[in-house]
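Every number here is computed from the coordinates shown, using simple stated rules; none is lab data. In this text, all values refer to a predicted model and were calculated from it rather than measured experimentally. Positions of Cβ are generated from backbone atoms using ideal geometry, with glycine treated the same way; all protein chains shown enter the neighbour counts.
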Amino acid sequence: MPPTSATPTSDAAKPRILTGDTPTSTGLHLGHYVGSLENRLALQDSYDCYFLIANVHAFTTLAERPAEIRANTIGIVKDWLAVGLDPERSTFVLQSEIPAIAELTFLFAMLIPFNKVMRNPTLKTEIETKGLGETYPFGFPMYAVGQCADILTFRPELVPVGEDQEAHIEMCRDVALKFNQLYCGVGNRVPADEHAKSGGVFPVPKAKVGRVARLVGTDGKNKMSKSLGNAIFLNDDAKTVQKKINGIKTDRATMTSPIDPSHVLVQYIETFMPRERSDQIKADYAAGKEVMDGHVKAELGAVINAMLEPMRVRRARLDSPQGEATVLDVIRGGIRRANLVAEETLYQAKKAMRLDLGTPPPRHLG
Ligand code: TRP
């Protein structure tokens, strides 16, 4: 058996995570931050992290616009670096440069019933919301299988994602279970979290949803989203952030009128202010004390701006003329590290599938 734990790249003591973004657009906002990025930042110390840019998946809806996918890919790496993801501690994975992902996609496609893929609720919702109708390419549903390969290639324990991705993670778990049972001799009654130690090539990964599954936009009605014009972007300057917050309407008649506890202003206070201060403000509103919304908004704006300022500073450096070179270096370094793990996984998977006729082990393991 090839080694399953220590690889030359990873800290064997740390469990692995993988997650990723599709470069169909750039421009992160506070919804992305509390939904996933903050989670990733916090996990960087205690996990061996793989962050994937799903640039091949981007072709499922943008095949006619390759230049846009390229630009968005660079944009996403800049977004990540600006937020504070650290390519020294974590591995940035460019999907198109990891051949093992493509190979495993095809092999995993045999383990999932076609009709099950087509019933995947995340795919169905996307077909509706993106207005894909009947004209989407074959590769579009295929990306759900591809996402299983994105994940399992890195054999992670956890997959931090938004709640909209849970159906995909469920499918990925099914693939891992089936693979281990069919090809690694893991018994049907072995619980999912014991598959790896019972000889399965793939640990059965779990989804980990962020602190705030869905942040409401400044309109107070819809989920924060670029296309709805209700977003505060991580790259907005301080004045713009304050202006957007000031624009939130509370409709209180007087300074002592109550506020709906689910009002967007209250949600933002709860999400971004320190716990104690947030409780205090909510208590003041509830007790009918004199509360000036303008003061609350100014305080909230200051807290959000303090959080965003270091990101703006890093972003400005990346937007300089040398910025693109830095990004390309990060991408190349990530590809090298990612392929060491990916080749090892593919080797183990093929061996388990008896596709081991003349297959040399990856050079770094040979
Ligand atoms: N489909 C995910 C999204 O749209 C992006 C993605 C691709 C992903 N591959 C992944 C997320 C693997 C987690 C794990 O957000």
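Structure notes:
- Distances between every pair of Cα atoms in the stretch 9-142, grouped in 5 Å steps from 0 to the bin holding the largest one, split as 2, 9, 16, 19, 20, 17, 12, 5, 1, 0 percent.
- Debye log10 I(q)/I(0) at q = 0.06, 0.07, 0.11, 0.12 Å⁻¹ for the chain, Cα point scatterers: -0.27, -0.36, -0.82, -0.95
- The angle separating the long axis of helix 275-286 from the principal Cα axis of greatest extent in the chain is about 40 degrees.
- Cut-off 18 Å, label 7 Å out along Cα→Cβ of residue 115, residues of the stretch 141-178 by amide N: none
- Cα-based convex hull volume of the stretch 159-208 per residue, rounded to whole Å³: 62
- Around the Cα centre of the chain, unit charges on the Cβ atoms of Lys, Arg, Asp and Glu (plus for the first two, minus for the last two) sum to a dipole of about 300 debye.
- Cysteines not pairable in the chain (beta carbon separation under 4.7 Å absent): 49, 184
- Mean Cβ count within 10 Å, highest first, over the residues of peptides 313-324, 266-277: 266-277, 313-324
- Gained length - residue 13 relative to residue 208, 0.36 nm times residue gap less alpha-carbon distance: 68.2 nm
- In straight-distance terms, cross-link reach from residue 244 covers every one of the lysines whose alpha-carbon lies under 28 Å from its own, apart from those fewer than eight places away in the same chain; here that gives 78, 130, 221, 223, 226, 282, 289, 297.
- Each 10 Å bin from zero holds the following percent of Cα-Cα pairs in the stretch 189-266: 15, 29, 20, 11, 15, 8, 1.
- Nearest-0.05 FRET efficiency for residue 125 and residue 189, computed from C-beta distance (R0 25 Å): 0.15
- Here the extension length gained between residue 260 and residue 309 equals 14.6 nm, from 0.36 nm per residue of separation less the Cα-Cα distance.
- Here the spin labels are modelled as points 7 Å beyond Cα on the Cα-Cβ line, and at residue 292 and residue 198 they lie 6.5 nm apart.
- The stretch 59-200: C-alpha gyration tensor shape, a/c 1.5 cut-off, then a/b vs b/c: oblate
- Note that the stretch 222-277, at 25 °C in a medium of 0.890 mPa s, gets a Stokes-Einstein diffusion coefficient of 189 µm²/s from its Kirkwood radius over C-alpha pairs.
- Partner lysines for residue 351 [C-alpha distance under 19 Å; skip if fewer than 8 residues away on the same chain]: 178, 197
- Near residue 158: Cβ cut-off under 9 Å, other residues only, Lys/Arg at +1 and Asp/Glu at -1. The net charge is +2.
- In the chain, helical runs assigned H by DSSP with n ≥ 4 each contribute -39500 (n - 2.57); averaged across all residues and rounded to the nearest 500, the mean residue ellipticity at 222 nm is -15000 deg cm²/dmol.
- Shape analysis of the stretch 295-343 places it in the oblate category; the axes a ≥ b ≥ c from the Cα gyration tensor give an a/c of at least 1.5, with a/b not above b/c.
- Dipole check for the stretch 184-276: with +1 at the C-beta of Lys and Arg, -1 at the C-beta of Asp and Glu, and the Cα centre as origin, the magnitude is about 180 Debye.
- For the chain, the longest principal axis of the alpha carbon atoms and the long axis of helix 139-152 meet at an angle near 80°.
- Computed over the stretch 238-366, Cα set: Rg, Dmax in Å: 26.4, 80
- Between the residues 340, 263, 54, the greatest Cα displacement towards the positive end of the dipole of the chain, with unit charges on the Cβ of Lys, Arg, Asp and Glu, is found for 340.
- Taking 0.36 nm per residue of separation and subtracting the current Cα-Cα distance, fully stretching the chain between residue 277 and residue 223 would add 16.9 nm.
- By average C-beta atoms within 10 angstrom, highest first, the peptides 176-185, 135-144, 350-359: 176-185, 135-144, 350-359
- Tilt relative to the chain, helix 166-183 - C-alpha long axis, 0 to 90 degrees, to 10: 20
- Scattering from the stretch 134-282 was approximated by placing one identical point on each alpha carbon and applying the Debye formula without solvent; log10 I(q)/I(0) at 0.10, 0.16, 0.17 1/Å stands at -0.59, -0.93, -0.98.
- Take every pair of alpha-carbon atoms less than 8 Å apart whose residues are at least six positions apart; their mean separation over the length of the stretch 233-358 yields a relative contact order of 27 percent.
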